[in-house]
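As structure tokens, the structure follows; a few thoughts come after it.
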Amino acid sequence: MTVAETIGLSARRQRLLTRLLQFVLVGICIVGLVTLRPGMAVNGAFGLALTLIPAAIRREYDYTMSPALVLWITIAVSLHSVGSLGPYTWFSWFDSVTHTVSAIVVAGLGYAVFRGFEQHSDELHVPASVRPVFIVVFVLAVSVVWELLEFSTGQLSQVLGIEAPLVVYGVDDIVTDMVFNTVGGLIVAAGASGYFDSLSGFFRRRFGSDNT
């Protein structure tokens, strides 16, 4: 039984929640444009674009991602966009929750790509005991890249004199982000990777089609 089934959240309700969150992102983008806050507009538009990737994959490759996974991705993106409006500074825990949720998505996607390639290749076999290590290391690597991106956009925004779409609040914030990114990776490594098995099958088929 999945988490969604446990709490009584049907596939229809999951899709509805996804649409509602996408409307929130559209609203953030519009408000940013109207109030001449480019950072807010970029956050909303970029977040919305990320949530539309599953639909693009469905149209292009005829693969339908599970409603629960699409909702989780949308929640992760929406938390970040909403957080940039103020909750990041109002509530000390908000950033930690956002990074944990996002890290679960990143860890799951990294695991799905890795497993898809492993299942496709006859030359690659990784023991099951090593896969959790890969998941955590992958999340940490992406975390470093993300923190560098936040720092770079902050510096560039200062030079251009515009609002930064990504903000670094100091060394303590970076350390906290890394800790909760690791927590998200550990959640997937500890057993949540099974939720991404269907996606790994999609990647396996795509890797196979590249060689045909």
- Task: Take the stretch 32-51 and flag every residue that is free of Cβ contacts under 8 Å to residues at least 12 places away in the same chain and on the phi < 0 side of the Ramachandran plot.
- Result: Leu33, Val34, Thr35, Ala49
- Message: Gly191 - would you say it is modelled with pLDDT of 70 or more and on the phi > 0 side of the Ramachandran plot?
- Response: yes
- Item | The one condition in (1) in the same structural domain as Val179 (by TED's automatic domain parsing); (2) buried (at least 21 other Cβ atoms within 10 Å of the Cβ) that Pro132 fails to fulfil | (2)
- Among Ala56, Ala68, Ala76, the single one that is over 12 Å from the mean Cα position of the chain (by Cα) and surrounded by 13 or more Cβ atoms within 10 Å (Cβ to Cβ) is Ala68
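The values are calculated or read from the model by the stated rules, or taken from the named source; none is laboratory data. Nothing here was measured: the structure is a model prediction, and the numbers come from that model. FYI the Cβ positions are ideal-geometry reconstructions off the backbone, even for glycines, and counts take in every protein chain you see.
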